[in-house]
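What follows is a short report on a single structure.
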Amino acid sequence: MAQPAFLTIAKYKAGIVPILYRRIGCRRSGGMRFTMNGRNYFELVLISNVGGAGEISKVWIKGSRRNKWETMSRNWGANWQSNTYLNGQSLSFKVQLGNGRIKAALNVVPSNWRFGQSFKSNIQF
């Protein structure tokens, strides 16, 4: 039974079990992955295999026909969205972790990308 093992590592107090935890760095092999979802004016990008602190705090996207980076908004979990039409453009991403570190994956998504595809970068924290 899991309860006896759990009670050896946690204090039981009036039905509330306080949990102590801390974040630790994470080592990942390979680069970050970007999975393209959505439809036309709604790019929903799932970012996975993120090492380092692992907690993504901010993401920017840039199409090959644009001169500036656009801030993406968090949709849910590790999914980030853009409401800009970027079809037919190669895409670059900047990813910021909770500890402030930023890495850029330039032209990681080729111009012939389609929704549902995943792309692996060579960039990792």
Point to revise | Residue list for region 63-88, filter: among the basic types (K, R) and within 15 Å of A104 (Cβ to Cβ) | key: R66, K68
Check your understanding: Yes or no: R114 free of Cβ contacts under 8 Å to residues at least 60 places away in the same chain and out of contact with any Lys or Arg (no Cβ under 7 Å at 6 or more places or on another chain)?
Key -> no
Practice item. Kindly indicate the residue of region 79-118 that is closer than 19 Å to I56 by Cβ and touching an Asp or Glu at 6+ places or on another chain (Cβ under 7 Å) and also surrounded by the most Cβ atoms within 10 Å (Cβ to Cβ) among those meeting that condition. Key: S82
Review point. Counting only residues that are among the hydrophobic types (A, V, I, L, M, F, W, C) and touching a Phe, Trp or Tyr at 6+ places or on another chain (Cβ under 8 Å), which one in region 33-55 is farthest from F119 (Cα to Cα)?
Key: A53
Check your understanding: Which of the following residues is more than 27 Å from R22 (Cα to Cα) and touching a strand residue (DSSP E or B) at 6+ places or on another chain (Cβ under 7 Å): S90, S73, S57?
Key -> S90
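All of the numbers you see were taken from the coordinates with simple rules; none came from a lab. Everything numeric here is computed off the predicted structure, so don't read it as measured data. Neighbour counts run over all protein chains shown; Cβ positions are idealised from the backbone, glycine included.
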